[in-house]
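These notes are about the structure you will find just below.
The values are calculated or read from the model by the stated rules, or taken from the named source; none is laboratory data. Not measured: the values here are computed from a predicted model. Cβ placement follows ideal geometry from the backbone for every residue including glycine, while neighbour counts extend to all protein chains displayed. Keep in mind that these areas ignore ligands, DNA and RNA; they rest on the heavy atoms of the full protein, side chains included. Shrake-Rupley method; radii C 1.70, N 1.55, O 1.52, S 1.80 Å.
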Amino acid sequence: MIVVLKHGVTEEKKAQLIAWLQALGLKIHISDGEFQTVLGLIGDTTNVDIDLVESLEIVDSVKRVTEPFKCCNRKFHPDDMIVDVNGVKVGGGNFVMIAGPCSVESEEQIVAVAKAVKASGANMLRGGAFKPRTSPYDFAGLKATGLEYLRIARQETGLPIVTELMNIMDLPLFEDVDVIQVGARNMQNFDLLRELGHLDKPILLKRGLANTLKELLMSAEYIMASGNERVMLCERGIRTFSDYTRNTLDLSAVPMLHQLTHLPIIVDPSHATGIAKLVPPMALAATAGGADGLIIEVHNDPIHALCDGAQSLRPEEFDELANKVRAIREVVA
Ligand code: PEP
Ligand code: MN
């Protein structure tokens, strides 16, 4: 249930109402917007008398919320969430380009790619050190050494680093990682999500291969309900019967999610298509469609990449795309 307060209500009256609602056994989420204060009532609201609450002098309106997600629900938080990643803002009109290789392969590789994408205007560096692979025989990342190389690349470029955590046991290694990515295959690893909810660190939560938007939002809810509100969602393509692409980019997820949630929405055209040539058109479409950012795989030697070379852009291709993304942003602004 959400309770919208009238404009200009005193702190004292607000506190009285909150205390009364808490006494009914409810958790209250307070969202102080520029023009309105919205109280989100979390818990069993069946015993709350809507008419009584609505009749209170300081209350503007009361609505029942039928969706099972509360912390990430736009109804509770009318204003866009802006996630601050070491000074790089995401959401609420702040657009980001996250770029880098699928996997960190060597210090030289990650530093070279980091410098190139930074020169093209990327705001963050991606790179997997712990890689989820379909085959147990494939390269699974450099692990702790890969994280060390990412740190060096950050030092060289100033770009915050985004990298995937697969297992909560590895969390101590991620202490100074700027954004922890939860990969598609772990979107419903609920124990992992709960643990990430105890951190004070931005999380990039990728949509599962066959998960609905409601399931994605419920997974964000796991992280947020445990205390960490800094969640960014990522549409990375889903499994359909389309046969010539790795996945199907569900672009309507972007405006739909914007309606349902206040969290920033990032689009990953690389994993969505699996084909480098298809990445630029899909990246531009996502930009035009209102995404808050893109995450794009870039490799300086895609033919020899240890993972996802076929979908990786070369630095010069990323540069060209970045210019077009900026042009599209100006058109749709
Ligand atoms: C990745 O970003 O490298 C990755 C493995 O993505 P996803 O979890 O979306 O497959
Ligand atoms: Mn990849």
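Pairs are defined by a Cβ separation below 8 Å, a sequence spacing of at least 6 or placement on different chains, a first member in the range 296-308 that is among the hydrophobic types (A, V, I, L, M, F, W, C), and a second member that is more than 15 Å from ligand 2 (Cβ to nearest atom) and assigned to a strand (DSSP E or B); the pairs so defined are I296/M97.
Listed here are the residues, each with its yes/no results for (1) surrounded by fewer than 24 Cβ atoms within 10 Å (Cβ to Cβ); (2) of a type outside the set (A, V, I, L, M, F, W, C).
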residue: R246; (1), (2): yes, yes
residue: S252; (1), (2): yes, yes
residue: P264; (1), (2): no, yes
residue: A286; (1), (2): no, no
residue: D292; (1), (2): no, yes
residue: N300; (1), (2): yes, yes
residue: G309; (1), (2): yes, yes
residue: S312; (1), (2): no, yes
residue: R326; (1), (2): yes, yes
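For the range 10-68, the set of residues classified as in contact (Cβ under 8 Å) with a residue 60 or more places away in the chain and either among the acidic types (D, E) or open to solvent by less than 40 Å² (accessible area, probe 1.4 Å) (or both) consists of V62, V65, E67, listed by residue number. Please go through the range 84-108 and give me each residue that is within 16 Å of ligand 1 (Cβ to nearest atom), farther than 17 Å from K143 by Cα and open to solvent by 10 Å² or more (accessible area, probe 1.4 Å), ordered by number. Across the range 84-108, the qualifying residue is only M97.
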